[in-house]
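Structure below; questions to follow.
The values are calculated or read from the model by the stated rules, or taken from the named source; none is laboratory data. Remember, it's a predicted structure, so these values are computed and weren't measured experimentally. In this analysis, Cβ positions are derived from the backbone assuming ideal geometry, glycine residues included, and neighbour counts consider all displayed protein chains. The accessibility values were calculated without ligands, DNA or RNA, using every heavy atom of the protein model including side chains. Shrake-Rupley method; radii C 1.70, N 1.55, O 1.52, S 1.80 Å.
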Amino acid sequence: MSRFVRRLLYTAVAGAMLTASAGAQLLPSVSLPPISLPAPVGNVPVVGPVVQDVLTQPQAQRAIQPTLDSVSGLPESIAEAGAPTLLELRRLRLQELVRQNRAQLETDNAGQPVRRGVLVAVDPDPLSLQLAVRAGFRIVSDNRDPALGIRTVQMAVPSSMNARAALKLLQRLAPQLQVDFDHLYEPAGGALLPMHAALASFAGIASGRVVGMIDGGVASHPSLAGAAIEQNGFAGSPQPTGHGTAVASLLVGSRGPFRGAATGARLFVADVYGGNRAAGSATAIVRALGWLVSHRPQVINISLVGPSNKLVARAIQLVQSRGIEVVAAVGNDGPAAPAQYPASYPGVLAITAVDAGGRALPEAGKPTHLDFAAPGADMAAALPGRGYARVRGPSFAAPLAAGRLLLAGSPARLAAEARPGRGRVGRGIVCGECRVDPRTVGAK
């Protein structure tokens, strides 16, 4: 980002006195056509004209694109422009995602994207379901996950209502019913457009350690050629993505000077996007968790962020009850953004990112609790096909922490390895030696 645009961002923040309480997933710079600023979505207003003028700059437009598929690093100048700028960009990003997918998405009361016209009940009682049907709700699916033991009922809302009004109605008619929106979750750094590359496949001999990840699909790459990888799709067939490939390489990649944190472990990949920007829903994540649990991993990495959701919260509890550790990224919308989930759920290891100097990244989110930090800047990860990219963000710190946890065997042993850092790093930095210098692998 140029100094000119950076000054404009500062001026916009100070001059417009932004009061919005939303955040932004700041994404790296790639060449994409410019986008139009979104129209208002629900009850969330569009920013004022000063900020709109700033956001017509190509670099700022890239920052709110919901589907940039690059992992080449976050422009630090945007992150350093301050919390209001991050919050405004996050709000614009979510608005743009909904605007581009109005047939599939709407918003909850906080402006979070949700599946349009659908609510989800968790382990519902028969009476509550009867009351819902009498009120005009239609049961779309009724599934019990055999691995988790959770029952999920998806209901189409009455045609005259949006999801927000329908949820209020159900809460009044059937207060015992555990019901929520089918929220969408985003990658906590990078994005998920499918890439023109082959999927990584089971090719290697794994140790007894098993790790799972919920993300986009993983592409073939030389660093993953000897890895034991199995993929399954929960929003259509798996599609290779830059984000998923980078995360997988940081878990189990190995080639020359490049090594992931848990090389030799068997990796199960649950793709909850299928190359669709309007996917990544709570119901897809829960089905993905059930599939992963059936393969008995010791650790599951989730480099995704979203709001608290009753269905996801219950599923995470059930995963943890089986002795499986869940590791999640805190997000990169800045410390003033709302706490992100699943990182903020009790018992989930919330991971932030640090740079090469051990300093917490300024764009890292602020969860309800913070456990550890791991390298998340000044480092390389695999690109789909061949080559490596510079990556930045908690998305890429989480798999390093997850891999190290897999080898350490417990959070207590991981804590014993933690080293001090600068800023908010929880109990300290783990896997500090796992950082791969971009220069050693020719990262772009």
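Which residues, counting only those in the range 342-362, are in contact with a Gly (Cβ under 8 Å, 6 or more places away or on another chain), farther than 23 Å from Gly217 by Cα and assigned to a loop (DSSP other than H, G, I, E, B)?
Selection gives Asp355, Gly358, Leu361, Pro362.
Do any strands (runs of 3 or more DSSP E) entirely within the range 111-163 hold 3 or more residues that are touching a helix residue (DSSP H, G or I) at 6+ places or on another chain (Cβ under 7 Å), and if so, which?
Answer list for the range 111-163: 113-122, 151-156.
Which residue pairs have Cβ atoms under 7 Å apart, sit 6 or more places apart or on different chains, and have a first residue in the range 404-420 that is farther than 20 Å from Leu251 by Cβ and a second that is acidic (Asp, Glu) and open to solvent by less than 30 Å² (accessible area, probe 1.4 Å)?
Hits for this filter: zero, empty list.
Still on this model: Assess whether Gly432 counts as being more than 21 Å from Leu267 (Cα to Cα) and of a type outside the set (A, V, I, L, M). I'd like the intermediate steps shown before the answer.
Values: more than 21 Å from Leu267 (Cα to Cα): yes; of a type outside the set (A, V, I, L, M): yes.
Criteria met by Gly432.
Among the residues of the range 420-432, are any buried (at least 18 other Cβ atoms within 10 Å of the Cβ), in contact with a helix residue (DSSP H, G or I) (Cβ under 8 Å, 6 or more places away or on another chain), under 26 Å from Ala288 (Cβ atoms) and of a type in the set (Val, Ile, Thr)?
For the range 420-432, residues buried (at least 18 other Cβ atoms within 10 Å of the Cβ), in contact with a helix residue (DSSP H, G or I) (Cβ under 8 Å, 6 or more places away or on another chain), under 26 Å from Ala288 (Cβ atoms) and of a type in the set (Val, Ile, Thr): present.
Out of the range 211-232, which residues are open to solvent by 30 Å² or more (accessible area, probe 1.4 Å) and either under 16 Å from Arg259 (Cβ atoms) or not small (Gly, Ala, Ser) (or both)?
Residues satisfying the conditions are Ala225, Gly226, Glu230, Gln231, Asn232.
Let me ask something additional. Restricting to the range 291-336, name every residue that is surrounded by fewer than 19 Cβ atoms within 10 Å (Cβ to Cβ), hydroxyl-bearing (Ser, Thr, Tyr) and touching a strand residue (DSSP E or B) at 6+ places or on another chain (Cβ under 7 Å).
Within the range 291-336, just Ser308 meets the criteria.
Conditions tested, residue by residue: (1) assigned to a helix (DSSP H, G or I); (2) closer than 24 Å to Gly334 by Cβ; (3) not aliphatic (A, V, I, L, M).
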{"residue": "Gly264", "(1), (2), (3)": "no, no, yes"}
{"residue": "Asn276", "(1), (2), (3)": "no, no, yes"}
{"residue": "Ala279", "(1), (2), (3)": "no, no, no"}
{"residue": "Val286", "(1), (2), (3)": "yes, no, no"}
{"residue": "Val293", "(1), (2), (3)": "yes, no, no"}
{"residue": "Pro297", "(1), (2), (3)": "no, no, yes"}
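So, restricting to strands (runs of 3 or more DSSP E) that lie completely within the range 363-444, which ones have at least 2 residues that are farther than 22 Å from Thr245 by Cβ?
Hits in the range 363-444: 372-375.
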